[in-house]
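Have a look at the structure below, then the notes.
Every read-out reported here was derived from the displayed coordinates using simple, explicitly stated rules and does not represent laboratory data. Bear in mind the structure is a predicted one, so any value in this text is a computation, not a measurement. Don't worry about glycine lacking a Cβ; one is built from the backbone with ideal geometry, like all the others, and counts go over all protein chains shown.
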Amino acid sequence: MVEELLKASSVFLLSMLKFILGPMTGFALGLHFITSTLATIAGMMMSVTIFTYFGEWLRSVLLKRFYRNRRKFTARSRRIAAWRKYGLTGIAVLTPLLLTPIGGSLLAVGATKSKGRILLAMLISATGWSLAFNGVIYYLGSDYLPSFMQWIFENTPPKI
């Protein structure tokens with residue numbers, strides 16, 4: 001039981017940083033599908049919760065420290081405005097795929113002020129993507145993952 005909790009905690013901690021690492025680690029450690037799915041969801045939601053409630057403060061501290069004389073309309077600020085075009089739903093859907101839970105949370109905090117809507121949208125997204133990623137990895141993992149990893153390591157470019 002303790003061993004299972006330690007394995008699940010590593011899935012939890014890795015999912016806080018990068019979502020796809022949770023299902024891959026859960027499969028590699030031999031966790032049950034449901035345990036890996038729940039630990040992945042819980043890891044992302046812990047990160048989202050922390051950065052939803054402290055993200056605004058963190059962003060203000062970092063902006064004051066690193067960007068003292070900041071121009072309002074730069075290429076970077078226009079790109080962030082493009083993220084706002086898709087709204088909270090777009091940010092929530094793309095967070096597990098392209099962003100980290102930390103980055104997605106900070107973007108969501110910048111896009112809307114409703115913490116409850118952020119948490120609900122991210123929970124729905126985390127649940128759907130966790131089921132999808134874990135399902136694919138657990139279903140195809142034992143057949144294709146070892147040969148895929150072998151192919152990756154054999155076809156790496158030569159070191160200079």
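Note on Tyr86 and Leu29: the model spin-label points, each 7 Å out from Cα along the C-beta direction, lie 3.0 nm apart.
Sorting the segments 109-119, 38-48, 5-15 by their mean number of nearby beta carbons within 10 angstrom, highest to lowest, gives 38-48, 5-15, 109-119. Between the beta carbons of Glu154 and Glu3, assuming R0 = 25 Å, the FRET efficiency works out to 0.15 to the nearest 0.05.
What the Cβ-Cβ distance of Ser60 and Leu123 gives, at R0 = 30 Å and to the nearest 0.05, is a FRET efficiency of 0.70. Taking 0.36 nm per residue of separation and subtracting the current Cα-Cα distance, fully stretching the chain between Leu94 and Ser114 would add 5.3 nm.
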